[in-house]
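Q: Pasting a structure here, questions to come.
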Amino acid sequence: MDDEIKTTAEHAEAEQLPKRYEVHTEAATPDGEQPVPAKVAKSAKAKSPAQWAYERIAMYIQEFEKQLDGEHEIAMGFTGGDAGVLRIEGMGYFDPDIVTFYGSDPSGVRTQMIQHVTQLNVILRALPRRVNETEPMRIGFRLAQDLEKETT
């Protein structure tokens, strides 16, 4: 329980900020409210739907990668159709409502997925790292650095 005394305005503002809550079967995974980076926690009303979706997906990618061993990299599975899997090598957004994923498929073909935020379905998957790579690629770290930057 939060014992800190807050003004009415601080309480009202805190209620408007996004919260992240999760429960997992693994005992090692923390349950309950999870921290949200400062840049993401700023009011969603000031963000386009594309930026809002981008920032939250970036958080999930970072958390997913933390669970991977050195033999696996993050990829994204597509729902519907037979488009397959995209090894995530980049991510972006185009205001007001487009989120873009850059990467390659398992055979190495360059791939880009352009998705409207209302159609967004992302399945994160673990793929074995490329044979010719000594270390797995980690996009989550770079995304997290971007989310932690304070914008004025």
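Each reported figure results from applying straightforward, stated rules to the coordinates on display, with no laboratory input. Here the structure is a predicted model, which is why all the values come from computation and not from measurement. Methodologically, a virtual Cβ is constructed for each residue, glycine included, from the backbone with ideal geometry; neighbour enumeration extends over all protein chains shown.
Q: Take TYR102 and tell me if it is within 25 Å of GLN34 (Cα to Cα) and either surrounded by 13 or more Cβ atoms within 10 Å (Cβ to Cβ) or of a type in the set (Phe, Trp, Tyr) (or both). Write out each step before concluding.
A: Numbers: within 25 Å of GLN34 (Cα to Cα): no; either surrounded by 13 or more Cβ atoms within 10 Å (Cβ to Cβ) or of a type in the set (Phe, Trp, Tyr) (or both): yes.
Taking the combined requirement at face value, the residue does not satisfy it.
Q: Additional query: If I go through the stretch 60-70 residue by residue, how many of them are surrounded by fewer than 20 Cβ atoms within 10 Å (Cβ to Cβ) and either of a type in the set (A, V, I, L, M) or assigned to a helix (DSSP H, G or I) (or both)? Reasoning before the result, please.
A: Initial filter on the stretch 60-70 (surrounded by fewer than 20 Cβ atoms within 10 Å (Cβ to Cβ)): 60, 63-64, 66-70.
Imposing the further condition that a residue be either of a type in the set (A, V, I, L, M) or assigned to a helix (DSSP H, G or I) (or both) reduces the set to 60, 63-64, 66, 68.
So the answer is 5.
Q: Looking only at the stretch 94-152, count every residue that is assigned to a strand (DSSP E or B) and in contact with a Lys or Arg (Cβ under 9 Å, 6 or more places away or on another chain) and tell me the total.
A: In the first step, residues of the stretch 94-152 are kept if they are assigned to a strand (DSSP E or B); the result is 94, 98-104, 110-116, 123-128.
Among the residues that remain, those that are also in contact with a Lys or Arg (Cβ under 9 Å, 6 or more places away or on another chain) are: 102-104, 111, 127.
Matching residues across the stretch 94-152 total 5.
Q: Then there is this: Might you let me know whether the stretch 102-116 holds any residue that is under 22 Å from ALA41 (Cα atoms) and not basic (Lys, Arg)? Please lay out each step first, then the result.
A: So the first thing to find is which residues in the stretch 102-116 are under 22 Å from ALA41 (Cα atoms), and the list is none.
Looking through the stretch 102-116, none of the residues is under 22 Å from ALA41 (Cα atoms) and not basic (Lys, Arg).
Q: Looking at ARG87 and the list (1) of a type in the set (D, E, K, R); (2) assigned to a strand (DSSP E or B); (3) surrounded by fewer than 12 Cβ atoms within 10 Å (Cβ to Cβ), which single condition is not satisfied?
A: So the condition that ARG87 fails would be (3).
Q: Continuing with the same structure: Considering every residue within the stretch 46-59, establish whether at least one is assigned to a loop (DSSP other than H, G, I, E, B) and under 16 Å from VAL36 (Cα atoms).
A: yes
Q: Please state which of the following conditions LEU124 fails to meet, knowing it meets all the rest: (1) free of Cβ contacts under 8 Å to residues at least 40 places away in the same chain; (2) in contact with a Phe, Trp or Tyr (Cβ under 6 Å, 6 or more places away or on another chain); (3) not charged (D, E, K, R).
A: Going through the list (1) free of Cβ contacts under 8 Å to residues at least 40 places away in the same chain; (2) in contact with a Phe, Trp or Tyr (Cβ under 6 Å, 6 or more places away or on another chain); (3) not charged (D, E, K, R), LEU124 breaks only (1).
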